[in-house]
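Each remark here refers to the structure printed beneath this line.
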DNA sequence: GCAAAAGTGTTCCTTTTACACCCATGC
DNA sequence: GCATGGGTGTAAAAGGAACACTTTTGC
């Protein structure tokens, strides 16, 4: 019996955030067939001697110039037929980045790399729509028992940015006062002296995450129902 | 550049339950090298034209005779070096079964197949210890936002079996009365007329799961903090 | 009649929700 | 001075935790 030839790939769902625009996803435009010219998740084949994480980070940087510092395995998609030409099993990861940290460029397999608002996505190649939906569900679930935000917001941010982030991810209104009360109770934020004023209205204090507490919650989880 | 040769395998962490003995894990004794004679999770290479789920179910039945009806993808383990001979990436699944439904037998790659109490596990081959620990964590997390039990208990069971199951999985005492109150509120159980007496003490009613509600919670999740 | 397990209810406390008024700024 | 967003507190409601007594059986 000969060895099955199954190719192993990784794909990355990278979320970015902007308080004004909401949540975006990083996509590339494919340079080669299949789906030439179509939009897809960044990703590619795993090399024989590299770890899966390394493969995602490498492909992501090659194709888009983005380096994520937070990356987590999402799910493995392996249905025969998901790639029209060969059997390819893809281990999908998802990551969070501060959009403003990067200038996108496209290279290797990508003709273009762009952020798309997660409500206005183009048609996607392969089963990447499924992957993306799985990632969105995961992000929505995650937010309830692990902090997100540090990876998506600037180092210093007004509280309203964090509040809007949660409203965006959960896609529902969240009472401003109760949210603040609950979040501050976690004792994960440091309030700075600085204030910032964006447009009209009273300026708000800037906050930053307490890295240590943040990592602790990330590791041990918490309960954050809202 | 030649195609990397990465082999793709699946491994299964199958949990079984017995109110008297607690939670067990199904392991096989390896017939061939590497780790010949050692204990390992059931599993094996994926065929070129079968889905990952199919591969797990096939390997599991071949090696142990167990057919799971509930199986969920756990995590993909892909570190180079996890298999001493080749690069093998393993997609791990975990499943829940009623132990009493099966008579184990060992075949193909397995010399023996046995249930081990999850507190008294032998040394495991490859990185299977990591896989198992990941599965245990997942099971403990799962119990809080999805029902488990239907897959682990007999069709009809006294309430105390369910209670013990939760105590076993969570590895802590849970107040009997509060647990019952909360669980019955979910309206997921049907109380039967039948009563059963196991040893001394007042006989208890038998319950069964309301399949429809169960599937709904399984799909949509709930919040069950205890 | 004693030990063992099942059935049931109440109180207290914590957490969550709903909600309103004042404050600092830009224009 | 008015529109806009930021900052803060309180009361009512719901949910969770703690806890004790009665009932039915086996021996």
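Please enumerate the residues belonging to region B:154-197 that are within 9 Å of DNA strand D (Cβ to nearest atom) and more than 24 Å from the chain's Cα centre (by Cα). Those that are within 9 Å of DNA strand D (Cβ to nearest atom) and more than 24 Å from the chain's Cα centre (by Cα): B:175, B:176, B:177, B:178, B:181, B:182, B:185, B:195, B:197. Just wondering, is there one or more residues in region B:48-59 that are closer than 22 Å to residue B:116 by Cα and either in a strand (DSSP E or B) or under 14 Å from the mean Cα position of the chain (by Cα) (or both)? Yes, some residue in region B:48-59 is closer than 22 Å to residue B:116 by Cα and either in a strand (DSSP E or B) or under 14 Å from the mean Cα position of the chain (by Cα) (or both).
Quick one: would you say residue A:164 is within 14 Å of another protein chain (Cβ to nearest Cβ), more than 14 Å from DNA strand C (Cβ to nearest atom) and under 16 Å from residue A:96 (Cβ atoms)?
No: the conditions fail for residue A:164.
With respect to the conditions (1) within 14 Å of another protein chain (Cβ to nearest Cβ); (2) within 16 Å of DNA strand D (Cβ to nearest atom); (3) surrounded by fewer than 16 Cβ atoms within 10 Å (Cβ to Cβ), residue B:201 falls short on a single one, namely (1). Whenever a residue of region B:200-226 is over 18 Å from residue B:154 (Cβ atoms), its partners that are surrounded by 10 or more Cβ atoms within 10 Å (Cβ to Cβ) and modelled with pLDDT of 90 or more, lying with C-beta atoms within less than 6 angstrom and at least six residues away or across chains, give the pairs B:213/B:188; B:217/B:147; B:218/B:146; B:221/B:146; B:226/B:174. Of all the listed residues (B:210, B:223), the sole one being under 22 Å from the mean Cα position of the chain (by Cα), more than 15 Å from DNA strand C (Cβ to nearest atom) and farther than 20 Å from residue B:15 by Cβ is B:210. Look at (1) buried (at least 19 other Cβ atoms within 10 Å of the Cβ); (2) under 16 Å from the mean Cα position of the chain (by Cα) and you find that residue A:19 fails only one, number (1).
The values are calculated or read from the model by the stated rules, or taken from the named source; none is laboratory data. These numbers were taken from a predicted model, which means no experiment stands behind them. Heads up, the Cβs are rebuilt from the backbone with ideal geometry, glycines too, and the neighbour counts pull from every protein chain shown.
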